[in-house]
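So the structure is just underneath, and the comments pick up after that.
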Amino acid sequence: MARSPCDLRILLLAAAAAFIYIQFRLFATQSHYADRLAQAEKSENQCTSQLRSLIDQVSTQQEKIVALEEMKIRQDEERVHLKILIQDLEKRSVQTLVNNNVVPVAAVVVMACNRPDYLQRTVESILKYQTSVASKFPIFISQDGINGEVKKKALSYNKITYMQHVDLEPVRTERPGELIAYYKIAKHYKWALDELFIKHNFARVIILEDDMEIAPDFFDYFEAAAKLLDNDKTIMAVSSWNDNGQKQFVYDPNFTYWDDWVRLKEVHRDRQFIRPEVCRTYNFGEHGSSMGQFFKQYLEPIKLNDVHIKWNSEDLSYLKEDKFLIQFGKDVSSATPLHGSDATSKAHNMDSDVRIQYNDQEDFERIARQFGIFEEWKFAILANTVNGL
């Protein structure tokens with residue numbers, strides 16, 4: 001059956017329309033993928049640019065790291081040279097202060113931190129009596145930390161050697177709630193003593209804190225006691241302080257005692273401390289690491305000796321272990337015994353020595369509070385006793 005020309009035209013028209021549609025779709029698809037390809041190429045270019053930027057930054061940082069490493073090497077070298085220079089200056093300073101013809105009795109070190117006004121008051125008190133015996137007692141100031149005012153004040157004294165302890169390590173306490181300051185103070189003490197005993201080779205060291213004033217016979221007292229310390233190995237150290245040296249409890253500026261101050265048995269190993277009845281130092285530091293603890297009650301009323309005793313003329317042989325124990329035993333046994341809850345009131349009304357016996361720590365603290373004396377009991381050792389009790 002023959003198709004009419006009209007049908008053929010319709011078929012051709014439909015085919016043409018389909019072809020056009022397909023071409024349009026192909027063109028649209030190509031355009032879409034061309035756009036995506038252009039976008040991808042743009043993104044690639046951006047990534048390449050960012051990568052190059054990062055490479056440049058890394059390269060710059062590497063250059064900075066190399067520069068910093070070189071700077072650190074130079075600083076380390078400078079630090080070593082500076083340390084050697086400081087050591088040399090300290091050595092020269094010590095040599096200047098120490099007369100080669102005089103063997104020093106002891107180095108005197110003032111432990112300081114962040115109280116320039118206190119430090120000035122302490123140093124002025126020391127220099128008031130040290131000038132005539134400077135070669136026997138060279139003075140050092142050891143500062144813990146970097147307080148600028150303290151350092152400036154310490155360096156202003158041309159006859160005093162300055163030392164600085166800087167420790168930036170974190171402090172770990174043994175028990176919760178403990179004051180970190182006490183740990184830092186202990187580390188500073190250890191460092192300063194190593195410097196003086198080991199580095200500078202002093203045989204003895206007198207430690208003062210930056211809130212103390214000294215008595216007129218401070219240096220005579222320690223010079224005489226040094227001989228006793230050297231000759232009696234049962235003596236661990238000599239102290240200028242009496243915990244119960246308040247004005248109402250002390251009388252005789254010539255008298256000295258044995259005192260268990262360092263209370264850990266493995267530290268003192270049954271050795272004793274020599275201490276005076278009347279203090280040779282006065283602690284005026286109400287503000288410090290201890291935050292004024294006990295200051296008003298115990299420290300402020302302390303009597304500082306104001307009589308110049310010529311200690312080198314005094315016979316201190318009674319402090320040697322054998323003689324002291326015998327005499328102390330006699331003094332205790334001859335004292336009048338007092339008993340009962342009113343023992344303390346009876347003691348106040350007597351002019352002679354008395355003896356009050358306590359049963360345990362609680363009993364001792366009760367009696368101590370009644371007298372107003374230091375009721376300290378650490379490691380089963382009491383604070384030093386008061387003359388007449």
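Values quoted throughout were computed directly from the atomic coordinates according to the rules given, and no laboratory measurement underlies them. Just so it is clear, the model here is predicted, and its values are computed rather than measured. Cβ coordinates were reconstructed from backbone atoms using ideal geometry, including for glycine residues, and neighbour counts include every protein chain displayed.
Under the simplified labelling scheme, the HIS308-GLN120 pair shows an inter-label distance of 2.7 nm, with each label point 7 Å from Cα along Cα→Cβ.
With +1 on the Cβ of every Lys and Arg and -1 on the Cβ of every Asp and Glu, and nothing else charged, how large is the dipole of the stretch 107-327 about its Cα centre, in debye rounded to the nearest 20?
On the way: 29 positive and 33 negative charges, 83 e Å.
The calculated dipole for the stretch 107-327 is roughly 400 debye.
For the stretch 137-147, putting each phi into the Karplus relation 6.51 cos²θ - 1.76 cosθ + 1.60 with θ = phi - 60° gives couplings of 9, x, 9, 10, 10, 10, 9, 9, x, 10, 4 Hz, in residue order, rounded to whole numbers and with x for Gly and Pro.
Under 19 Å from a label point set 7 Å out along the Cα-to-Cβ vector of ALA40, the amide N atoms of the stretch 8-31 belong to 26-31.
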